[in-house]
1. Pop a pseudo-label 7 angstrom from the Cα along the beta-carbon direction at both ARG125 and TRP8 and give the gap in nm to one decimal.
2. Using modelled backbone amide H atoms (1.01 Å from N, in-plane), which distant-in-sequence or interchain residues come within less than 5 Å of TRP8's amide H?
3. Report ³J(HN,Hα) in whole Hz for each residue of segment 47-58, in order, from the Karplus equation J = 6.51 cos²θ - 1.76 cosθ + 1.60 where θ = phi - 60°; Gly and Pro get x.
4. Return the sequence-ordered ³J(HN,Hα) values of segment 138-145 in whole Hz as given by the Karplus equation 6.51 cos²θ - 1.76 cosθ + 1.60 applied to θ = phi - 60°, using x for Gly and Pro.
5. Which ³J(HN,Hα) values in Hz, rounded to whole numbers, follow from the phi angles of segment 85-99 under the Karplus curve 6.51 cos²θ - 1.76 cosθ + 1.60, where θ = phi - 60° and Gly and Pro get x?
6. Applying a 10 Å radius around every beta-carbon, put 71-79, 136-144 in order of their mean neighbour count, most first.
7. For segment 7-64, what relative contact order do you get, as a whole percent, if you take Cα pairs closer than 8 Å and at least 6 residues apart?
8. Report, by chain and number, residues whose modeled amide H sits under 5 Å from the one on SER51, excluding near sequence neighbours (fewer than 5 apart, same chain).
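Just so it is clear, none of the values below were taken in a lab; they were calculated from the coordinates. These figures come from a predicted structure and were not determined experimentally. Neighbour counts run over all protein chains shown; Cβ positions are idealised from the backbone, glycine included.
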Amino acid sequence: MAERNVAWPQIVLIDTNVIVEGAIHRANDVDSPEARVWSAFLQGRLKAAFSDVLLFEVVAVARRLMGKDFASGLRSQILSKTEVLSKGEIAPYVTQLSGKVPKEDIAHAALAIAVRAEYIISNNREFLRSLEDKFRCVTPKSFVEMVHL
């Protein structure tokens with residue numbers, strides 16, 4: 001069960017699925033937990049960690065789903081709001097996670113460790129389960145309820 005009335009986090013990792021879904025919902029005026037998380041980031045109310053790996057993945061998924069103009073705009077939004085860590089900055093943490101986290105999520109988990117993320121926000125249950133001993137892992141809906149977004 002998720003915690004209630006928690007302090008506002010210093011930094012979070014927002015998984016690709018939440019970022020892209022939130023951006024699409026926000027662009028289409030759809031209220032959803034993902035859109036609320038994404039809006040909080042864009043408004044500067046929520047600090048989110050990004051690496052070049054996560055940024056590349058977000059842009060690729062957004063391009064596949066919504067086209068290159070949407071993906072380019074999303075990339076610009078991200079770059080205007082945060083710094084992006086390089087593969088080299090997260091590399092020391094990748095090795096320690098090998099075999100403990102699904103291969104496709106290792107770079108994101110390493111990023112979360114590198115920035116000491118307080119929460120990982122994802123709809124990917126397998127990813128969340130693989131990290132629940134290291135982080136507070138929550139769905140967008142749980143996060144929105146906890147911090148009253």
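1. About 3.3 nm, to one decimal.
2. Residues meeting the amide H criterion: none.
3. 8, 10, 7, 9, 10, 5, 5, 5, 4, 4, 5, 4
4. So the J values, rounded to whole Hz, are 9, 7, x, 4, 4, 5, 4, 5.
5. Karplus values, whole Hz, x for Gly and Pro: 6, 7, 4, x, 6, 9, 3, x, 8, 5, 4, 5, 9, 4, x.
6. 136-144, 71-79
7. 40 percent
8. Residues meeting the criterion, in which the H sits 1.01 Å from N, are LEU85.
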